[in-house]
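Notes for the one structure printed next.
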Amino acid sequence: MRTSRNPETIHPPLAPYTHQIETTGPQRWLTLSGQVGMEADGTIPESPLEQLELALENVKRNVEAADMAVEDITKLVFYLVGEFDAESRKQIMGQFLGDHLPCMTMIYVVALASPALKVEVDAWACQEMV
């Protein structure tokens, strides 16, 4: 069972996310390597926002390949290089997540594995066993 909480003893979330998610009972976990904004053919869009959309799509494709859904994602960590328009970033993330609010961390870094990459997303998903 998953229980999401935003304790009243700390500040409210600064964006659409949840401070904590507790899982109990039998479940299966999926841990992804960092997903970048790269197409299956190896091409990388120049736009950081396009890379963000593509990285999230790659997260979704990985989750679906494990017979899970975006709603099973419990944690996302974003590694971003350079400036991102906050409103556009929020819109892209909102389209990806819908009403689902996993735990999230956003970190700005100097660089990623390749100078062309501006986004990397780590994800964890958990599915209850029935």
Query - Count of segment 54-90 residues which are under 30 Å from R2 (Cα atoms), surrounded by fewer than 18 Cβ atoms within 10 Å (Cβ to Cβ) and among the acidic types (D, E) - result: 5
Query - Qualifying positions in segment 86-112 - aliphatic (A, V, I, L, M) and either part of a strand (DSSP E or B) or touching a residue at least 40 places away in the same chain (Cβ under 8 Å) (or both) - result: I92, M93, L97, L101, M104, M106, I107, V109, L112
Report summary line: Residues of segment 113-123 being surrounded by fewer than 18 Cβ atoms within 10 Å (Cβ to Cβ), in contact (Cβ under 8 Å) with a residue 40 or more places away in the chain and not aliphatic (A, V, I, L, M), in sequence order, are S114, D122
Report task. Please work out which one of (1) touching a Leu at 6+ places or on another chain (Cβ under 7 Å); (2) at positive phi; (3) among the small types (G, A, S) is the condition G42 fails and give its number. Result -> (1)
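Does segment 17-43 hold any residues that are touching a residue at least 24 places away in the same chain (Cβ under 8 Å) and small (G, A, S), and which are they? So that I can check it myself, show each step before the final result.
We begin by selecting, within segment 17-43, every residue touching a residue at least 24 places away in the same chain (Cβ under 8 Å); these are 17-21, 23, 25-38.
Matches in segment 17-43: G25, S33, G34, G37.
When you check L32 against the structure, is it of a type outside the set (D, E), touching a Pro at 6+ places or on another chain (Cβ under 6 Å) and under 14 Å from A125 (Cα atoms), yes or no?
no
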Requested in this report: Output the residues belonging to segment 1-57 that are part of a loop (DSSP other than H, G, I, E, B), closer than 17 Å to E71 by Cβ and within 15 Å of the chain's Cα centre (by Cα).
Outcome: P16, Y17, T18, L32
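Being in a loop (DSSP other than H, G, I, E, B) and at negative phi is the requirement here; does V130 meet it?
Numbers: in a loop (DSSP other than H, G, I, E, B): yes; at negative phi: yes.
For V130, the condition - in a loop (DSSP other than H, G, I, E, B) and at negative phi - is met.
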Report task. Could you pull out the residue among V119, V70, V77, V63 that is modelled with pLDDT of 95 or more, under 12 Å from the mean Cα position of the chain (by Cα) and more than 24 Å from L14 (Cα to Cα)? Result -> V63
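The values are calculated or read from the model by the stated rules, or taken from the named source; none is laboratory data. None of the values given here were measured: they were computed from a predicted structure. Heads up, the Cβs are rebuilt from the backbone with ideal geometry, glycines too, and the neighbour counts pull from every protein chain shown.
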